[in-house]
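Down below is the structure, laid out as structure tokens.
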Amino acid sequence: MSKAVLSIVRSRALALCSLALLATATVAPGCTASRGTVATPPAAELAAALENYRLLAVRSDAHAMAGEFTEQGSLAHKGQPPVVGRAAIERFLASFAAYRVVSEELIADTTTATGASGVQTGRYRQTVETPADGTVTVNGTFRADWQREPDGRWRLARLETASP
């Protein structure tokens, strides 16, 4: 094949790849993006963000947990007024400093993401040692509304739990 024909073939192939990327606006899982990186689908990013939040809950790190919320994020249990704002969430979580999380399960049954928003619904189960040396296990459902911040990081805009 002559250099001229090879050049035309390469140009058309690059144009088709560019059009495909523009049409989908994302890179399919496992496909190579620019500079050899592999794009992570938003659902996988949300799963990782939820797992990170779970690990912070096990550590009972109120400051870091509050940092997983947007500046005006909210934390609530169904039927109770929400705690709104990162600073208020940190104060609320810090009020449980004498409690020790023995185990924490967060299982997302559904995960959807569109653009810069995502929603997960699922189940939780937490076992905690209380200051009075008693162990309590609570469980129920949760809904996590996520927002992708300008820095690309997913943060909780709202986390609500409910008991059976």
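The values are calculated or read from the model by the stated rules, or taken from the named source; none is laboratory data. Worth saying up front: this structure is predicted, and the values here are computed from it rather than measured. Because the Cβ atoms are built from the backbone with ideal geometry, glycine has one as well, and the counts that use them run over all protein chains shown.
Within region 103-153, track down each residue that is among the hydroxyl-bearing types (S, T, Y) and touching a strand residue (DSSP E or B) at 6+ places or on another chain (Cβ under 8 Å).
S103, T110, T111, T112, S117, T121, Y124, T127, T130, T135, T137, T141
If you take the residues of region 122-158 that are of a type outside the set (G, A, S), out of contact with any helix residue (DSSP H, G or I) (no Cβ under 9 Å at 6 or more places or on another chain) and in contact (Cβ under 8 Å) with a residue 60 or more places away in the chain, which of them is surrounded by the fewest Cβ atoms within 10 Å (Cβ to Cβ)?
E149
Going through R125, R158 one at a time, which residue ends up being at pLDDT 95 or above, within 18 Å of K78 (Cβ to Cβ) and within 15 Å of the chain's Cα centre (by Cα)?
R158
Being modelled with pLDDT of 95 or more, surrounded by fewer than 17 Cβ atoms within 10 Å (Cβ to Cβ) and either closer than 12 Å to L156 by Cα or touching a Leu at 6+ places or on another chain (Cβ under 6 Å) (or both) narrows it down to one of Q80, Q72, so name that one.
The conditions single out Q72.
Among all residue pairs at least 6 apart or on different chains, which show Cβ distances below 7 Å where the first residue, located in region 46-74, is within 21 Å of R100 (Cβ to Cβ) and the second is outside any strand (DSSP E or B) and β-branched (V, I, T)?
Sorted first by the residue in region 46-74, then by its partner, the pairs are A66/I89.
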